[in-house]
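Derivation of every value follows stated rules applied to the coordinates shown; laboratory data play no part. A quick note: this is a predicted structure, and the numbers were derived from the prediction, not measured. Because the Cβ atoms are built from the backbone with ideal geometry, glycine has one as well, and the counts that use them run over all protein chains shown.
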Amino acid sequence: MKINKLIWVRLITFSFFLTTACYACSDDSDTPLDTPTEEPGNGMDDIDTSGVTLKEAIGDKFLFGAAINPWQLDINSSKEENRREGEVVLKHFNALVAESVMKWRSIHPDKEKYTFEDADAIVKFAEENGMTVIGHTLVWHTALPDWVWKDVSTGKDLSAEQLKENMRSHINTVVSRYKGRIKGWDVVNEAFNDDGTYRESPFYRILGKEYIPLAYQYAHEADPDAELYYNDFELYHSTKCRAVLQLIGELKAKGLPITAIGMQGHMWMNNPTVEMYENTILAFKSAGVKVMVTEWDMSVANGQNIYPNGLPKDVEAKWTQRMIDFFKLFLKYKDVVTRVSTWGVSDSHSWLNEKCTDYPLLFDRQQQPKPVVEMMIRAALADK
Ligand code: G3I
């Protein structure tokens with residue numbers, strides 16, 4: 001009787017919150033927008049930024065992080081590039097997320113084998129330097145070894161029970177190892193298509209949508225104090241945003257904690273607009289969760305090798321302007337944005353360089369700050 005009553009209360013609360021939150025979803029032209037407030041950072045010219053780092057300027061407004069690989073923390077390396085990357089990380093950032101080494105394929109390549117060395121090194125470095133660590137990621141369709149979902153001898157899908165057991169044991173082992181040391185986890189990553197349908201991952205194919213709450217349940221059991229996030233890209237598509245809002249409601253209705261949505265910030269020169277991103281922040285804010293700007297970078301080349309030898313001045317200026325506009329947006333929503341993390345440190349190492357020469361990050365190929373860094377410091381100092 002008591003349980004039924006609880007379920008009803010949760011259902012009613014969920015319906016109310018979904019109606020309210022969807023009202024703010026992004027790219028529907030007929031969706032009313034919240035009125036933008038005064039931009040922070042006006043009258044910033046007389047602010048002295050000398051010697052101030054990004055993390056100092058941002059202070060406790062939100063964490064400022066970077067995705068890294070262990071070589072980028074090697075401040076005593078004989079390789080100059082590695083050393084300089086490490087110096088930038090130490091100087092400007094206070095939160096770390098592993099670009100690859102905590103993914104399933106890296107940390108748990110075979111059923112009986114865990115490889116914790118790289119992840120351990122990142123956590124140790126962070127602890128020695130007073131930095132926060134975010135775990136990325138527990139359940140994702142990429143960087144996933146076949147044995148997790150397939151019987152490798154027959155090539156057939158595992159049963160639902162076998163997959164659940166693999167998920168439970170992986171999540172339990174990894175999350176427990178870093179209990180109290182990793183602040184929060186991207187529990188499930190990129191579960192939805194742009195149209196809001198569930199991605200046809202092996203997890204979804206075998207377990208249906210219940211694989212998601214199960215992942216949160218296992219993570220919560222392993223570390224009840226860890227923050228749990230859902231992380232995805234291009235959430236400004238209203239269909240995708242609605243699917244995530246629905247998921248937040250379903251998790252809450254089951255009593256599972258969902259602390260924040262990681263709004264991946266992979267951007268291009270024309271997309272998204274600041275308004276699209278703002279509306280999405282507002283949608284999640286009204287759903288009662290925090291927002292993390294994860295995986296922030298802005299591609300200039302968009303997969304084409306059009307700028308192999310450097311950027312034309314006008315393109316660079318447009319990139320700078322868009323980056324500072326977005327950063328001011330993040331400052332504006334510091335009440336709900338708890339972390340901003342770039343996906344990499346300098347242009348010399350970015351996933352976007354796999355196809356062409358790109359210029360997506362705050363530091364150039366010599367690890368020198370781009371002009372936007374000083375503008376960000378100024379904007380953060382001016383923002384009260
Ligand atoms: O570590 C192996 C190495 O042993 C092997 O010799 C080499 C040969 O290709 O590959 C290395 O693995 C690479 C791995 O990065 C580590 O560097 C993979 O090939 C490569 O595909 C992998 O790419 C990463 C990708 O996720 C897949 O895990 C990118 O660096 C990383 O930036 C990217 O990050 C994702 C986020 O996790 C989720 N959101 C999108 C984002 C961009 O795709």
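The table for this structure:
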{"item": "The chain - charge dipole about Cα centre, Lys and Arg +1 at Cβ, Asp and Glu -1, debye rounded to 20", "result": "1080"}
{"item": "Between segment 223-261 and segment 48-78, the Cα center-to-center distance that results, in Å", "result": "28"}
{"item": "Radius 9 Å from Cβ of ASP157, net charge of other residues (Lys, Arg +1; Asp, Glu -1)", "result": "+2"}
{"item": "Net +/- balance of residues flanking TYR178 in space, Cβ distance below 10 Å, scoring K and R +1, D and E -1", "result": "+2"}
{"item": "Cut-off 13 Å (backbone N to label point 7 Å along Cα→Cβ of ARG105), residues of segment 139-181", "result": "140-148"}
{"item": "Total charge dipole magnitude, segment 163-293, about the Cα centre, Cβ charges on Lys, Arg, Asp, Glu only, Debye to nearest 20", "result": "380"}
{"item": "Calculated FRET value between LYS209 and LYS313, using beta carbons and R₀ = 56 Å, to 0.05", "result": "0.70"}
{"item": "Förster-model FRET efficiency, 41 Å R0, ASP45 and LYS254, C-beta, rounded to 0.05", "result": "0.20"}
{"item": "Among VAL274, GLY255, HIS136 - extreme Cα towards positive end, dipole of the chain, charges at beta-carbon", "result": "GLY255"}
{"item": "Peptides ranked, highest mean first, by Cβ atoms within 10 Å: ranges 270-276, 119-125, 63-69, 219-225", "result": "63-69, 119-125, 219-225, 270-276"}
{"item": "In order through segment 228-240: 3J(HN,Hα) via Karplus (6.51 cos²θ - 1.76 cosθ + 1.60), integer Hz, x for Gly, Pro", "result": "10, 10, 10, 10, 7, 9, 6, 6, 6, 6, 4, 5, 6"}
{"item": "Expected-Rg normalisation [2.2 N^0.38 Å, Cα atoms] applied to the chain", "result": "1.00"}
{"item": "LEU228 long-range amide H proximity, modeled H, under 5 Å", "result": "TRP185, THR259, ALA260"}
{"item": "5 angstrom amide H check on TRP296, placed H, neighbours 5+ away", "result": "GLY265, SER341, THR342, TRP343"}
